[in-house]
Every structure is written in structure tokens, then in C-alpha cells.
Amino acid sequence: MIKEKRQIVEAILKRNIPSRDSDNVLLAEVWRDEYALKSLDDDGYIAFLVSLHLGQLSTPESITRVRRKLQETNPLLRGDKYKKRHSLQETVKEELRGWND
């Protein structure tokens, strides 16, 4: 299931630089590509929601999970925010350890 999305997410990350730093851009691009690939009828917002509800479009969680895995293994697909987030990794870990304090 997740591996099926790898090709589409990787292609988007390669062609669309802003998608490397924005889940919203990435989601919009994946769903646009899926609409095109599946020749879904585009009657607007309701059709989009129905398609999402029926499972014809990828969930945000699966798309972003694939992006994270691809960026973990391929530095060329990382955006600027990836480096910034990872530079704060130890600080976040410490905050989480003290969550209940």
C-alpha cells in the first residue's frame, strides 16, 4: 500500500521543490495526479470529498509518511525545513522526556 505511493511521491518531490517543505503542496500534487491517472470526474469540491471518502485518493498520512521515508533515505529530496527540523532533534527529545514534569 505505502510502496505503491512511492513512485508518485518521489516524482513530485523531484519536480516540485516547494513540496519538499510543505505537506499541503505535496498533498495537492498527489491528489491532482491521482485524479488525472484515474480519470475521475471533476465536478468540484463535492466530487473531491466523495473520492477521498471512498478511498480513491491517498490519505494525508500515507503521503507524508512516504515523503518522510524518501527524504530519510535520499538527501536530494530534502527541503530546507528538513535540515532545520533535524538540527532541533535533541531539543525536542529532551522536551518529550520531560513531558509530564
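Every read-out reported here was derived from the displayed coordinates using simple, explicitly stated rules and does not represent laboratory data. Since we're looking at a predicted model, the values are computed, not measured. Please note: Cβ atoms are built from the backbone with ideal geometry, for glycine as well, and neighbour counts cover all protein chains shown.
Taking +1 at the Cβ of each Lys and Arg and -1 at the Cβ of each Asp and Glu, which of Val50, Thr91, Val30 sits farthest along the dipole of the chain towards its positive end, judged by Cα position relative to the Cα centre?
Positive-end residue among those listed: Thr91.
Which one, Val66, Val25, Val50, has the greatest fluctuation when you compute a Gaussian network model over the chain with C-alpha springs under 10 angstrom?
Val50
Near Arg20, within a Cβ-to-Cβ distance under 10 Å, what is the net charge of the other residues, with Lys and Arg +1 and Asp and Glu -1?
Around Arg20, the charge tally is +2.
On full extension of the chain, what length is gained from Leu76 through Ala28, given 0.36 nm per residue of separation minus the C-alpha to C-alpha distance?
15.2 nm
Could you work out [θ]222 nm for the chain from helices alone, using -39500 (n - 2.57) per DSSP H run of at least four and dividing by all its residues? Round to the nearest 500 deg cm²/dmol.
Only helices count here, giving -21500 deg cm²/dmol.
Using R₀ = 22 Å, calculate the FRET efficiency as 1/(1 + (r/R₀)^6) where r is the Cβ-Cβ separation of Glu4 and Ala47; round to 0.05.
The formula returns an efficiency of 0.45 here.
Arg85 to Thr59: extension gain in nm, 0.36 nm per residue of separation minus the Cα-Cα distance?
7.0 nm
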